[in-house]
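S.K.: Below you will find the structure I want to go over with you.
The values are calculated or read from the model by the stated rules, or taken from the named source; none is laboratory data. Being a predicted model, the structure only gives us computed values, none of them experimental. Neighbour counts run over all protein chains shown; Cβ positions are idealised from the backbone, glycine included. Ligands, DNA and RNA are stripped out before the accessible areas are found, and what is left, the full protein with its side chains, is counted by its heavy atoms. Shrake-Rupley method; radii C 1.70, N 1.55, O 1.52, S 1.80 Å.
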Amino acid sequence: MSIRDLYHARASPFISLEFFPPKTELGTSNLMERMHRMTALDPLFITVTWGAGGTTAEKTLALASLAQQTLNIPVCMHLTCTNTDKSIIDDALDRCHNAGIRNILALRGDPPIGEDWLDSQSNDSPFKYAVDLVRYIKQSYGDTFCVGVAAYPEGHCEGEAEGHEQDPLKDLVYLKEKVDAGADFVITQLFYDVEKFLAFETLFREQISQDLPLFPGLMPINSYLLFHRAAKLSHASIPPTILSRFPPEIQSDDNTVKSIGVDILIELIQEIYQRTSGRIKGFHFYTLNLEKAIAQIVSQSSVLSHIVNESSEEEGEDETGGEIRSIENIPIEDADGDIVLDDSNEDTVANRKRRRHSSLDSAKLIFNRAIVTEKGLRYNNENGSMPSKKALISISKGHGTLGRDATWDEFPNGRFGDSRSPAYGEIDGYGPSIKVSKNRALELWGTPKTIGDLKDIFIKYLEGSTDAIPWSDLGLSAETALIQEELIQLNYRGYLTLASQPATNATLSSDKIFGWGPAKGRLYQKAFVEMFIHRQQWETTLKPKLDHYGRRKFSYYAGDSSGSFETNLDPHSSSVVTWGVFPNSPVKQTTIIEEESFKAWRDEAFSIWSEWGKLFPRNTPANILLRQVHRDYCLVSIVHHDFKETDELWEMLLDQA
Ligand code: FAD
């Protein structure tokens with residue numbers, strides 16, 4: 001069960017996989033299906049991320065425990081110690097112990113930007129750096145837990161805002177401290193520059209350990225936008241030789257980007273394996289909860305493809321040799337019911353009904369698919385069999401039911417994906433937070449004292465003169481330029497816009513502005529906008545107007561920081577707002593706005609107002625303003641359903657009558 005022992009016991013190259021806990025119940029249910037399919041990749045272990053400060057504690061513990069008890073793959077739970085009471089750490093470790101989890105990735109985590117955590121923690125918290133957590137686990141639990149730590153081939157980014165450059169040599173001292181404190185294995189930050197990793201590996205072997213397991217962290221390239229964002233967030237450089245493989249004309253063709261990405265990762269693995277003479281034999285994937293690209297990499301890589309080719313004789317057998325029997329004989333709902341893509345737009349009502357049903361039953365579904373073997377609980381698929389190696393081929397090629405299940409959410413489209421998708425949510429899975437340093441936040445947004453100052457921040461973002469707001473550092477998409485003037489006008493009127501899209505009707509998938517997905521497709525979008533509005537403005541002006549038009553024209557969700565929620569749709573409703581029709585393929589829906597995801601995001605969106613407010617001393621004008629907005633504003637999301645009338649949403653919102 002210990003990753004260190006398992007590592008030394010395996011001779012041929014292998015992989016390990018990182019997942020994050022999905023935000024929604026159905027996302028978790030679908031992730032369990034996905035993790036189960038991915039056991040066909042024979043990972044040495046899987047890891048589950050932990051939101052710094054314990055923001056995802058319950059979700060992480062639940063997912064890690066369920067996976068440990070049902071997948072028959074050792075689970076490693078991430079645990080961060082910054083901003084965290086000792087009691088939370090103790091509770092998490094005890095619960096891991098009880099669930100049979102024996103591997104912990106001990107991390108410091110990043111504090112919310114408003115916390116002067118280094119000073120405030122120094123006196124009363126035993127945890128300042130990851131090394132303190134490593135020591136604590138080893139002292140309190142002896143060898144119960146095998147403990148891993150993080151490393152940074154290009155150097156950790158701390159201090160960059162103050163002008164310090166990333167320097168792997170600076171961090172090496174502290175990495176050694178973590179290893180001396182008892183760390184059993186090391187996983188690196190993601191990187192794309194193989195030379196930097198190889199230089200780091202040499203330093204690691206010379207100065208830290210000849211034989212400690214060192215896992216390079218690799219992130220498949222799932223879309224051009226996400227590739228850049230992930231590299232930026234992780235402070236990983238992208239060598240020009242890799243960048244030049246994505247010329248502008250293919251950047252919006254997700255299939256082409258993904259396939260080039262698969263080649264790049266295969267080459268990277270090959271290079272690392274050969275040039276370290278096999279010293280690096282385990283490759284850790286940041287999956288982002290997606291599976292297809294990883295299945296393709298494994299099946300096409302000369303280093304890893306033995307995983308697919310070997311042991312075909314195992315197929316269909318239960319590796320434990322134990323009898324497989326269902327816990328209950330309740331008929332299992334067809335997996336298609338959970339994750340089918342609509343084949344036509346008219347079909348959405350029927351599919352919605354099925355999904356609603358699935359959502360209610362998702363907990364039952366997880367339980368039903370667990371099976372009892374002589375060695376305990378394991379996760380099962382709908383036929384009562386464990387995944388075979390053939391499954392891997394289906395996943396990587398997108399063939400058959402497995403292939404379709406694996407690929408239904410393969411065009412992740414920012415936060416507004418599909419909350420049923422396991423991949424829906426944060427890009428790093430470390431919880432909601434402002435993703436810039438305190439100094440950078442002050443530089444970008446200054447010290448707002450009035451609502452006018454807040455409007456200016458949102459307007460500057462729309463005008464392109466600042467490249468982030470606290471909720472988003474993605475920058476604006478090209479399509480936003482089409483409604484830029486309308487959005488600016490809305491902000492002048494106090495509607496602080498967070499996200500939006502213009503409508504489009506049967507646009508080519510190669511379109512420079514709207515394009516995504518495979519070539520020769522047609523794309524459709526309904527216009528939507530999401531914004532913060534003062535509660536009074538919502539109740540007296542906007543809501544009556546929307547109610548006047550009715551929900552066939554405009555549907556809405558609204559809620560505030562107290563957890564309130566209102567809608568003009570039926571309970572558990574959803575609206576598909578982006579979909580594409582492609583040759584020889586079912587209709588693909590990339591963006592669904594629905595109640596469950598709105599509620600999850602509402603809470604996160606308001607927590608960011610709080611985090612921003614904490615940047616300023618209590619009771620200063622900026623702190624008071626941001627707390628008032630947190631208290632008095634609503635988050636409102638409006639979808640316009642008549643997508644052929646491209647201007648109607650904006651005209652309605654800007655109409656003073
Ligand atoms: P540390 O090892 O404590 O290092 C942090 C910084 O402090 C470094 O700059 C280091 O040089 C410096 N330092 C360390 N010790 C000392 C010392 N004694 N004196 C002075 N300076 C010191 N974040 C999450 O929130 N959740 C996750 O699940 C998560 N998973 C991750 C998984 C991996 C594989 C990696 C690479 C990162 C992950 N992170 C996660 C992000 C991580 O928490 C951040 O990168 C964080 O800033 C550093 O964590 P650490 O454990 O490396 O910290």
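Table: residues versus (1) buried (at least 21 other Cβ atoms within 10 Å of the Cβ); (2) modelled with pLDDT of 95 or more; (3) in the same structural domain as residue 273 (by TED's automatic domain parsing); (4) touching a helix residue (DSSP H, G or I) at 6+ places or on another chain (Cβ under 6 Å).
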{"residue": "168", "(1), (2), (3), (4)": "no, no, yes, yes"}
{"residue": "175", "(1), (2), (3), (4)": "yes, yes, yes, no"}
{"residue": "180", "(1), (2), (3), (4)": "no, yes, yes, no"}
{"residue": "183", "(1), (2), (3), (4)": "yes, yes, yes, yes"}
{"residue": "197", "(1), (2), (3), (4)": "yes, yes, yes, no"}
{"residue": "212", "(1), (2), (3), (4)": "no, yes, yes, no"}
{"residue": "225", "(1), (2), (3), (4)": "no, no, yes, no"}
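S.K.: Within the group 61, 66, which residue is more than 27 Å from residue 297 (Cβ to Cβ) and either of a type in the set (Ser, Thr, Tyr) or more than 14 Å from the chain's Cα centre (by Cα) (or both)?
M.R.: 61
S.K.: Here is a follow-up. Has segment 232-243 got any residue that is more than 25 Å from residue 76 (Cβ to Cβ), at pLDDT below 90 and either within 16 Å of the ligand (Cβ to nearest atom) or within 17 Å of the chain's Cα centre (by Cα) (or both)?
M.R.: yes
S.K.: While we're looking at this one, here's another question. Among the strands (runs of 3 or more DSSP E) confined wholly to segment 518-616, which include 1 or more residues that are open to solvent by less than 20 Å² (accessible area, probe 1.4 Å)?
M.R.: 522-525, 528-534, 554-560, 574-581, 588-594
S.K.: Next question. For residues in segment 501-522 being touching an Asp or Glu at 6+ places or on another chain (Cβ under 7 Å) and without any contact (Cβ under 8 Å) to a residue 60 or more places away in the chain, which is farthest from residue 558 (Cα to Cα)?
M.R.: Per the criteria, the residue is 513.
S.K.: Just to check your reading of the model, which residue among 452, 464, 494 is touching a residue at least 40 places away in the same chain (Cβ under 8 Å) and among the small types (Gly, Ala, Ser)?
M.R.: 494 is the lone residue from the list that is touching a residue at least 40 places away in the same chain (Cβ under 8 Å) and among the small types (Gly, Ala, Ser).
S.K.: Here's another thing I want to ask about it. Only helices (runs of 4 or more DSSP H) wholly contained in segment 1-109 count here; list those with 3 or more residues that are open to solvent by 20 Å² or more (accessible area, probe 1.4 Å) and among the acidic types (Asp, Glu).
M.R.: So the answer is 86-99.
S.K.: Tally up the residues in segment 185-195 that are open to solvent by 20 Å² or more (accessible area, probe 1.4 Å) and within 12 Å of the ligand (Cβ to nearest atom), please.
M.R.: 1
S.K.: Same structure, new question: Within segment 34-55, is even one residue over 16 Å from the mean Cα position of the chain (by Cα), of a type in the set (D, E, K, R) and within 16 Å of the ligand (Cβ to nearest atom)?
M.R.: no
S.K.: Yes or no: segment 479-492 includes at least one residue that is assigned to a loop (DSSP other than H, G, I, E, B), over 15 Å from residue 444 (Cβ atoms) and in the same structural domain as residue 558 (by TED's automatic domain parsing).
M.R.: no
S.K.: Kindly evaluate residue 180 against the criterion of being more than 8 Å from the ligand (Cβ to nearest atom) and over 12 Å from residue 106 (Cα atoms).
M.R.: Criteria met by residue 180.
S.K.: Let me ask you something else. Can you name every residue in segment 145-176 that is among the small types (Gly, Ala, Ser), near the ligand (Cβ under 10 Å from one of its atoms) and either without any contact (Cβ under 8 Å) to a residue 60 or more places away in the chain or part of a loop (DSSP other than H, G, I, E, B) (or both)?
M.R.: Across segment 145-176, the qualifying residues are 150, 155, 159.
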